[in-house]
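Just so you know, all these numbers are worked out from the coordinates, no wet-lab data involved. Everything numeric in this text was worked out from a predicted model, so none of it was measured. Glycine also receives a Cβ, built like all others from the backbone with ideal geometry; neighbour counts cover every protein chain displayed.
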Amino acid sequence: MRTLTLAALALLTSGSALAADHELSLELGTLSANDHDWNWYTDSNANLPSWGLRGAYAFHQNLSAVVGYHHVRRGASLWQEEEGSAGNTWFLGNEITVGVHADTGSMSRVFAPYVNLQALVFTGSLHFDGDIEDDENPDEISESAMSLGALPVAGLEVRLPMNHSSYTAAVFAEGGWAVMGPMQYETLGDQAIGGFVFRTGAGVRF
């Protein structure tokens, strides 16, 4: 056991051709939300597309502190046959993540697999407007809630080697699983969120 522990520590702290760097990146992603109530707000099988950005600060040769932000916006129109009118529903979500990025060893000077382990805070607001043509509609509902959780992901980064420069461009793709508690709204009830996460993006390393 002692031998395995020492070997793991040596692998984590050993140098590589692609050690961790500071990072600024833009991201696009999707978050699964396995709850039938999401059908009121999206027609994409409860997948919530998002966009965001992330930054990382390297504090060790293979480790970085990483912070990210993602925004979700989904909506749908509801047609009421009996009344011959339409209503709008929409969901706005904001996610903040904080955690650690670890390079797991380079495959070459270009390809670098990694893992991220992050804590997350997710805030969301649900909106319903039964009459989109009436700015003072009394049926308009808006409620907010918050959820805490964790987001472990594994990914692969592809870097463009740039000789004689401290900056390099990179693209990446990652997948993982968001573990989150339900969103608890005051009168609209609970709504489950979390599940498979996929993200891709591009940025600079320096």
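On a C-alpha basis, how far is the centre of the range 187-205 from the centre of the range 97-132 in Å? Whole number, if you could?
One Cα centre to the other: 7 Å.
By how many nm would the segment from PHE206 to MET146 lengthen if fully extended, with 0.36 nm per residue of separation less the alpha-carbon distance?
Between PHE206 and MET146, full extension yields 18.1 nm more.
Testing the spin-label approximation: label points 7 Å from Cα along Cα→Cβ at SER125 and GLU186. State their distance in nm.
Placing both labels 7 Å along Cα→Cβ, they lie 1.3 nm apart.
Pull out the extension gain between PHE196 and LEU117, defined as 0.36 nm times the separation in residues minus the alpha carbon to alpha carbon distance; nm, one decimal.
27.0 nm
May I ask you to sort TRP51, TRP38 by Cβ crowding, counting other Cβ atoms within 10 Å and putting the fewest first?
Ascending number of Cβ neighbours within 10 Å: TRP51, TRP38.
What FRET efficiency, computed as 1/(1 + (r/R0)^6) with R0 = 35 Å and r the Cβ-Cβ distance, is obtained for SER77 and LEU26, rounded to the nearest 0.05?
Efficiency at R0 = 35 Å is approximately 0.75.
If neighbour count is taken as other Cβ atoms inside 10 Å, put MET183, MET146 in order from fewest to most.
So the residues, fewest neighbours to most, are MET146, MET183.
Starting from the Cα of HIS164, step 7 Å along the direction of its Cβ; do the same at ILE96; then give the gap between the two resulting points in nm.
Spacing of the two 7 Å Cα→Cβ label points: 4.4 nm.
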